[in-house]
Amino acid sequence: MAACSGDGAGGGGGNDSDKPGDLTIGVSMPTQTSERWIADGTSVKEKLEAKGYKVDLQYAGDDIPTQSQQIDQMITRGADVLIIAAIDGTALSGQLQAAADAKIPVIAYDRLIRDSPNVDFYVSFDNYKVGVAQATALLVGLGLKNKDGSDGDAKGPFNIELFAGSLDDNNAHFFFNGAMDTLKPFLDAGTLKVKSGQTKIDQVAILRWQQEGAQKRMEDLLTSSYNDGSKVHGVLSPYDGLSRGIITALQNAGYRDDMSVVTGQDAEIASVKLINDGVQSSTIFKDTRLLAEQAVVAGESFLQDKTPQANDTETYNNGVKVVPSYLLPVQTVFKDDIKSVLIDSGYFTAEEVAAGQAKG
Ligand code: GAL
């Protein structure tokens, strides 16, 4: 365990005599191009500052060397705890070793950091269940299932296409596995058909989760597999940014009222508007306020020389060890759920949903 008694500047972990104002938490976030990571970074910073801690928050522009450098600097500047959402989950072993040498506990934020013994805790959502929820939302959107889990009236067969996230993000594999386990009986029965034949994660993954990458792949799929007048009825998309790229490709190809059932994740405001407007079918809401809160609770435990409380000590093997985790539940959001799940909880206002923009 890297929890420690603290040994002065850069010693990490704090000690009993340290006041919050003497302690700095380094927060390393992947990118500001996605609104969710801005919300995550802001939430973590505000919650830590409200407790009196100093926060060194950095965004890495989805550039791996930049993130490594930023973490190196946090360590040099004497961070007492690191909270990291990695761009490439396998690229930070050197930084994590330096953190361990300086006795700085490391919390992996939403994305597991792999191939390193120096990850002390993991806060995330139940990522396999996210995949199950995405596939289930696709089945509900197509009418094969009802929201209550009973069989829907639709019979199919339906043409679908599959997308996955960035292969260097551990989560992408959990989402895809959860989704494919859920879709398998329908694929086996022929109720769902992947017309392109691309069903392996490395065929359907989108590097860095980029919207443009998803748009390009969807355009290619339309050209290669749907130039015979057939329709794409559904698209499994694991993230709202990808969903927006997919929807743009479909719209450019003339899809309007016959828009495919497109899933998503993160309840990004631009996508919540698309759902409200009946363009995107669903998203999976992961309350970043709760995730930020868990990161703060875990960080504070380390600063007080305690072990953060895990609720999962089995699932997240990072290739070297099982990392104790705190996993939060997720909620599926269709148009009907926007008010009860997103507005009534204060995550967005009705005005923000209508505008498709958060006021921040
Ligand atoms: C994943 C995360 C998703 C989504 C995606 C793209 O690691 O779990 O919620 O945000 O990155 O940013």
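The values are calculated or read from the model by the stated rules, or taken from the named source; none is laboratory data. Computed from a prediction, not measured in an experiment: that's the story for all the values here. So basically every Cβ, Gly included, is an ideal-geometry build from the backbone, and we count neighbours across all protein chains shown. Protein only, heavy atoms only, side chains kept; ligands, DNA and RNA dropped before computing areas. Shrake-Rupley method; radii C 1.70, N 1.55, O 1.52, S 1.80 Å.
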(message) Run the simple label-point estimate for ASP72 and PHE334 please: 7 Å along Cα→C-beta, distance reported in nm.
(response) 5.1
(message) Given Cβ point charges of +1 (Lys, Arg) and -1 (Asp, Glu) and nothing else, what value in debye, to the nearest 20, does the dipole of the chain about its Cα centre take?
(response) 580
(request) Can you tell me how much longer the chain between ASP188 and ARG256 gets when fully stretched, taken as 0.36 nm per residue apart minus their C-alpha distance, in nm with one decimal? (result) 21.5 nm
(request) Inverting the mean 1/r over all pairs of different Cα atoms, compute the Kirkwood radius of the stretch 313-360 and quote it in Å. (result) 13.5
(message) Going by amide H atoms built from the backbone, whose H comes under 5 Å of the H on GLU161, apart from near neighbours?
(response) GLY234, VAL235, LEU236
(message) Heavy atoms only, 1.4 Å probe, whole protein assembly: order ARG114, ARG36 by accessible area, highest first.
(response) ARG114, ARG36
(message) If you filter the stretch 245-352 for GluC sites (Glu not before Pro), then keep DSSP loop positions with at most 13 other Cβ within 10 Å, what is left?
(response) GLU314
(message) To make sure I understand the rule: partners must be lysines, Cα under 28 Å from the Cα of LYS47, and not fewer than 8 residues away in the same chain. Which ones qualify?
(response) LYS19, LYS103, LYS129, LYS273, LYS286, LYS306, LYS339, LYS359
(request) Report the calculated FRET efficiency for ASP63 and SER150 (r = Cβ-Cβ distance, R0 = 56 Å), to the nearest 0.05. (result) 0.75
(message) Within 15 Å, Cβ to Cβ, of ILE64, how many net charges do the neighbouring residues add up to if Lys/Arg are +1 and Asp/Glu are -1?
(response) -4
(request) Treat each spin label as a single point 7 Å out from the Cα along the C-beta direction, and report the THR90 to ASN227 distance in nm. (result) 3.5
(request) Describe numerically, in nm with one decimal, the distance between label points set 7 Å from Cα along Cα→Cβ at THR315 and at LYS54. (result) 3.6
(request) Could you pull out the pairs from LYS155/LYS216; LYS54/LYS321; LYS145/LYS200; LYS145/LYS193; LYS145/LYS195 whose alpha carbons sit more than 26 Å apart here? (result) LYS155/LYS216; LYS54/LYS321
(message) Taking each pair of distinct Cα atoms in the chain once, what is the resulting Kirkwood hydrodynamic radius in Å?
(response) 21.0
